[in-house]
Amino acid sequence: MSFSEFLTARRATAKELVAELGKYYSYVSVLGADVRAKSIRVDRNSSNLGAGRDTECGFVVKMSKGSVFFEYSLDDIAGDVKALAAKLAEAFRLSQALAANTIGQVQLPDEPLVESFARRSDIGAYSDTQLLDAARGLCERLLQGSEHILNGVVSLGSVEVSKLFVSKNRELDQNYTWINGNLMVVYRENGKVVQAHEGAYGTHMAQVLAQLPALQEKLLHKAHMLTLAKAITPGTYDVITDPSITGLIAHEAFGHGVELDQFVKDRALAKQYVGKYVASPICNMRDGAAATVSAASYFFDDDGVLAGDTQIIKDGILLTGISDLASATQLGLAPTGNGRRESSRRKAYSRMTNTFFEPGQSKLEDMIASIAHGYMLFETSNGMEDPKNWAIQCVAQYGIEIVDGKLTDHWVSPVVMSGYVPDLLGSISMVSDDFKIIGSGSCGKGYKEWVRVSDGGPALKAKVKLG
Amino acid sequence: MKEILTALRRNTKLSDYQINIHHKQSYELFFVKSKLETVRRTDTCDREVKVFVDHGEYKGDSQFFVYPSTDETQLDALIEDAASKAAQINNKSYELVGEQTGSYEVESNFRDYDMPELAALVSQTVFGVKTRDGAALNAVEIFLNKHTETVVNSRGLHKTQVRYEAMVEAIPTYNGQTQSVELYEQYNFGSYDAQALASQIGGKLEEVEARYRAVRPDFAIDCPVVLGPRELMQLFMSIARDLNYSAVYAHSNLRKKGDLVQKNPTGDRISITMTGQLPGCVRSAKFDEDGMSLGSIELVKEGQVMAYYGSNRYGQYLGLRPTGNLGCMKVAPGSVETFPATHLEVISMSGLQVDAFNDYIGGEVRLAYYRSGETMIPVTGISISGKLSQVLESIRFTTQTTMFGAYQGPKHAVLTAMTVF
């Protein structure tokens with residue numbers, strides 16, 4: 001794959017539009033997005049091969065005279081540039097009441113930079129027929145794996161991203177691919193129906209296709225055990241988190257609370273804790289599109305800021321947050337490259353990318369051995385942030401009971417973790433020396449603005465309320 | 001549209017085709033602490049083309065998007081590529097929605113305003129709500145959307161509808177001497193009612209003050225739990241999703257026609273109807289993405305599953321009458337006029353978890369009112385959990401109903417089988 005021909009053809013127009021709108025506004029940028037997503041899905045009864053849900057092609061023009069930001073999302077910028085510029089300028093005539101009530105003077109920075117980025121992928125080497133056949137083969141094998149499977153689903157998805165950013169002083173383009181594969185079963189045994197899934201992901205289809213077959217055995221064992229799972233007795237327990245749940249804690253418990261647009265709005269309690277302990281001293285947490293290569297890795301963000309690698313928590317102390325361009329500017333900080341849009345049709349906010357705890361010193365087996373009675377928690381289901389009040393809800397698909405330092409065969413499902421963020425982070429007493437990032441997540445802000453994210457880390461030992 | 005139709009008709013490999021065009025216009029205002037930060041407009045058009053190829057006993061399909069920049073040669077190539085993909089898809093055959101034409105507008109007073117004018121009015125309403133000392137709206141986002149949707153297919157279908165919907169995200173905050181707290185709230189509506197919006201926001205401003213005063217209870221709470229419309233919508237939508245044709249066809253549904261949702265009901269019987277339109281409902285539509293006209297169907301009557309619902313394709317796969325994808329839900333009211341003397345009224349949750357596979361309902365409570373006789377204590381830092389089957393058997397609903405998002409039904413429900421911890 002290579003950078004979008006469509007965006008290449010619009011590069012000169014984007015520059016002209018920036019220049020023309022520069023007559024009306026002190027800051028102008030144009031972001032063009034051409035995202036080609038492919039979706040292949042095969043189950044017992046049906047199959048599908050077509051465009052994926054992330055597919056988009058369009059532009060967003062951002063303008064400011066220094067007191068309020070204007071954005072216009074449109075399909076194309078081709079044609080009479082002068083007329084388009086006049087139309088955009090006309091579209092934002094504010095009523096007197098609104099014009100008199102803006103945030104005040106904020107001048108967005110526009111430091112000179114010209115860069116081009118491409119991350120290699122092998123997606124172009126696979127025909128649709130090859131991928132469909134691969135999914136069919138995996139599905140057939142999966143369905144033969146157990147008589148208890150009511151339905152099996154195999155999905156392969158790729159997202160090929162091309163983005164162009166042009167402002168008066170900056171001209172950036174990027175091109176990269178991310179691939180996800182998933183096995184899912186609807187499974188009936190022991191008088192109970194459950195759903196279970198396993199995923200593989202990476203920059204190359206070959207990686208994903210190589211990993212998926214090996215996940216089948218784990219998937220079917222999990223489905224079997226989930227049919228035996230019981231409800232957990234509500235209470236406070238010692239727990240070990242797997243990398244997925246560690247990532248969920250990093251993301252929901254703390255990540256949302258350090259999105260700096262929430263600092264601007266005074267919506268984050270973390271604002272009062274910069275430079276102070278917010279977690280146990282053995283905790284280190286980072287976020288950044290450049291911090292690792294995963295689902296949320298890119299070269300520049302949707303504000304035209306280069307991807308960063310932000311140390312959020314260092315030895316338990318909150319250092320800083322993550323920001324989009326507008327929020328960082330309002331706070332007088334350098335932007336961290338976390339300005340992300342759901343698509344070119346939505347606003348940019350401060351958003352997480354790849355969020356994780358860093359590895360520690362402990363061995364996982366020693367961590368499990370240290371618990372007299374508790375649970376090891378696995379696999380993210382969902383979570384919800386509360387950045388102002390630091391309440392937490394994280395839902396794990398299942399937990400396995402630990403008795404006398406050993407994992408048992410007693411599974412519980414689902415497991416809802418709740419409590420107060422400082423209590424949870426402060427209770428972390430051991431951090432394992434291994435590490436994994438889960439590259440198949442998506443994240444909303446409140447109940448909207450969905451973007452792809454990854455999260456993860458090592459195993460953590462903590463004390464939390466489960467129910 | 002004309003160019004797409006011409007190109008589709010030119011390709012002899014196609015058995016059928018469908019074009020969905022979605023023109024979206026929006027006007028959006030973003031406020032930071034009552035000051036205007038960003039104004040956004042969108043004017044975009046998605047053109048999605050689905051092609052069908054009948055081969056043997058199968059009907060394969062594949063879809064793609066057409067952009068303003070797509071020229072005739074590219075369009076021909078996209079159709080050819082999609083036809084080749086569709087020919088490899090071995091899905092059961094079905095008939096597309098047949099010859100129907102029409103132009104519709106979902107009822108809404110949004111059409112009486114232009115978008116910037118209505119956005120300004122909504123912002124005036126939101127910020128005009130009287131606030132108590134210490135309470136304020138820390139962040140407000142206003143989204144007004146107009147959707148013009150057209151569906152055309154090779155069987156003579158050509159329908160267009162205009163829908164309106166709005167979303168206001170308003171974050172009430174209370175700044176007290178010891179701390180500052182907030183509640184997250186989102187208001188979705190399909191028709192503008194200034195008084196109703198002001199009343200809801202006013203209520204939230206009172207509740208956020210209660211969150212400031214809320215305590216982590218140092219006493220055991222063992223009493224009925226009262227849930228509001230947001231949680232009830234989540235609970236009943238989980239039941240409805242299970243009865244969708246696509247879930248039934250995929251064998252992922254738990255309940256079948258004739259099954260009892262409430263096996264031994266001791267409370268009010270549950271009755272759920274899915275429908276295409278409800279006044280003020282954000283998901284009201286005259287037809288779905290396949291062009292199916294939308295009516296109503298009673299899914300659950302008096303606690304028993306009566307029917308499934310869903311799209312043209314999956315309805316035909318199951319040999320059942322397609323109802324179309326019905327987006328609005330109506331739930332019958334119950335018998336509760338007053339709550340039990342001692343109860344816990346949940347005001348705000350992180351998100352109710354409903355897991356029918358594991359027979360679970362519960363979640364973290366951000367604010368609740370513990371009431372016992374004349375005493376009311378706002379509480380926080382608690383969680384609730386229970387067995388979904390037991391909760392459904394004993395659940396009781398208020399006689400009073402409300403509209404919330406896509407849900408019209410009881411304003412509250414009383415749950416007696418929950419653990420508070």
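The values are calculated or read from the model by the stated rules, or taken from the named source; none is laboratory data. Not measured: the values here are computed from a predicted model. Positions of Cβ are generated from backbone atoms using ideal geometry, with glycine treated the same way; all protein chains shown enter the neighbour counts.
Is it the case that A:Thr320 is assigned by TED's automatic domain parsing to the domain that holds A:Gln262, under 18 Å from A:Cys443 (Cα atoms) and of a type in the set (Val, Ile, Thr)?
no
Please state which one of B:Ala82, B:Ala86 is crowded, with 18+ Cβ neighbours inside 10 Å, within 14 Å of another protein chain (Cβ to nearest Cβ) and in contact with a His (Cβ under 9 Å, 6 or more places away or on another chain). Spell out the reasoning first.
Numbers: B:Ala82 fails: in contact with a His (Cβ under 9 Å, 6 or more places away or on another chain).
Criteria check complete, one pass: B:Ala86.
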Residue under question is A:Ser418, and the condition is that it be buried (at least 24 other Cβ atoms within 10 Å of the Cβ), more than 24 Å from A:Gln195 (Cα to Cα), of a type in the set (Ser, Thr, Tyr) and touching a residue at least 12 places away in the same chain (Cβ under 8 Å); does it hold? no
In this structure, does A:Arg119 turn out to be touching a Ser or Thr at 6+ places or on another chain (Cβ under 8 Å) and of a type in the set (Lys, Arg)? yes
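Restricting attention to strands (runs of 3 or more DSSP E) lying wholly within segment A:2-87, give those where 3 or more residues are more than 10 Å from chain B (Cβ to nearest Cβ) and small (Gly, Ala, Ser).
Numbers: elements: A:27-43, A:47-51, A:56-64, A:69-74.
Answer list for segment A:2-87: A:27-43.
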Of (1) touching a residue at least 24 places away in the same chain (Cβ under 8 Å); (2) buried (at least 21 other Cβ atoms within 10 Å of the Cβ); (3) out of contact with any helix residue (DSSP H, G or I) (no Cβ under 6 Å at 6 or more places or on another chain), B:Glu364 satisfies all except one. Which? (1)
As an exercise: evaluate A:Lys465 against (1) more than 29 Å from A:Ala291 (Cα to Cα); (2) of a type in the set (D, E, K, R); (3) at pLDDT 95 or above and give the number of the one condition it does not meet. (3)
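Within segment B:103-111, identify whether any single residue is among the basic types (Lys, Arg), closer than 27 Å to B:Thr44 by Cβ and touching a residue at least 40 places away in the same chain (Cβ under 8 Å), and answer yes or no.
yes
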Filter pass, A:Leu132 being closer than 21 Å to A:Gly52 by Cα, in the same structural domain as A:Gln195 (by TED's automatic domain parsing) and either surrounded by 20 or more Cβ atoms within 10 Å (Cβ to Cβ) or among the hydroxyl-bearing types (Ser, Thr, Tyr) (or both): yes
Within segment B:61-89, which residues are assigned to a loop (DSSP other than H, G, I, E, B) and among the aliphatic types (A, V, I, L, M)? B:Ala87, B:Ile89
Report, ordered by the first and then the second residue, all pairs with beta carbons closer than 7 Å, sequence separation of six or more or different chains, a first member in segment B:54-65 that is within 7 Å of chain A (Cβ to nearest Cβ), and a second member that is among the basic types (Lys, Arg) and part of a strand (DSSP E or B). B:Gln63/B:Lys50; B:Phe65/B:Arg47
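Table: residues versus (1) assigned by TED's automatic domain parsing to the domain that holds B:His147; (2) modelled with pLDDT under 95; (3) part of a strand (DSSP E or B).
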{"position": "B:Asp268", "(1), (2), (3)": "no, no, no"}
{"position": "B:Cys281", "(1), (2), (3)": "no, yes, no"}
{"position": "B:Glu298", "(1), (2), (3)": "no, no, yes"}
{"position": "B:Thr323", "(1), (2), (3)": "no, no, no"}
{"position": "B:His343", "(1), (2), (3)": "no, no, yes"}
Conditions (1) at the interface with chain B (Cβ under 10 Å from one of its Cβ atoms); (2) within 32 Å of the chain's Cα centre (by Cα) -> A:Ala99 fails only (2)
Please work out if B:Ser15 is of a type in the set (Ser, Thr, Tyr), modelled with pLDDT under 95 and surrounded by fewer than 19 Cβ atoms within 10 Å (Cβ to Cβ). no
Here are the criteria: (1) assigned to a loop (DSSP other than H, G, I, E, B); (2) under 26 Å from the mean Cα position of the chain (by Cα); (3) within 11 Å of chain A (Cβ to nearest Cβ). Tell me which single one B:Glu107 does not satisfy. (3)
Test B:Tyr192 against the stated conditions and say whether it is more than 30 Å from B:Val391 (Cα to Cα), of a type outside the set (D, E, K, R) and within 22 Å of the chain's Cα centre (by Cα). yes
Given (1) more than 14 Å from chain B (Cβ to nearest Cβ); (2) closer than 30 Å to B:Val39 by Cβ; (3) assigned to a loop (DSSP other than H, G, I, E, B), A:Phe92 misses just (1)
I'm trying to understand the selection: among the residues of segment A:156-166, which are in contact with an Asp or Glu (Cβ under 9 Å, 6 or more places away or on another chain) and over 17 Å from A:Phe117 (Cβ atoms)? A:Gly157
Tell me whether segment B:115-122 contains one or more residues that are buried (at least 17 other Cβ atoms within 10 Å of the Cβ), within 22 Å of A:Asp266 (Cβ to Cβ) and in contact (Cβ under 8 Å) with a residue 24 or more places away in the chain. no
Kindly list the number of the only condition in (1) under 28 Å from the mean Cα position of the chain (by Cα); (2) more than 12 Å from every other protein chain (Cβ to nearest Cβ) that fails for B:Asp76. (1)
Can you tell me which residues in segment A:404-421 are farther than 22 Å from A:Ala369 by Cβ and either of a type in the set (Gly, Ala, Ser) or touching a helix residue (DSSP H, G or I) at 6+ places or on another chain (Cβ under 6 Å) (or both)? A:Ser413, A:Ser418, A:Gly419, A:Val421
Name every residue in segment B:143-189 that is of a type in the set (A, V, I, L, M, F, W, C), over 18 Å from the mean Cα position of the chain (by Cα) and more than 30 Å from B:Gly102 (Cβ to Cβ), in order of residue number. B:Ala170, B:Ile171, B:Val181, B:Leu183
Given the conditions (1) more than 14 Å from chain B (Cβ to nearest Cβ); (2) touching a His at 6+ places or on another chain (Cβ under 8 Å); (3) within 20 Å of B:Phe421 (Cα to Cα), and given that A:Val403 satisfies all but one, which numbered condition is not satisfied? (3)
Positions within segment A:101-131 being among the hydroxyl-bearing types (Ser, Thr, Tyr), free of Cβ contacts under 8 Å to residues at least 40 places away in the same chain and not in a loop (DSSP other than H, G, I, E, B), in sequence order: A:Thr102, A:Thr129
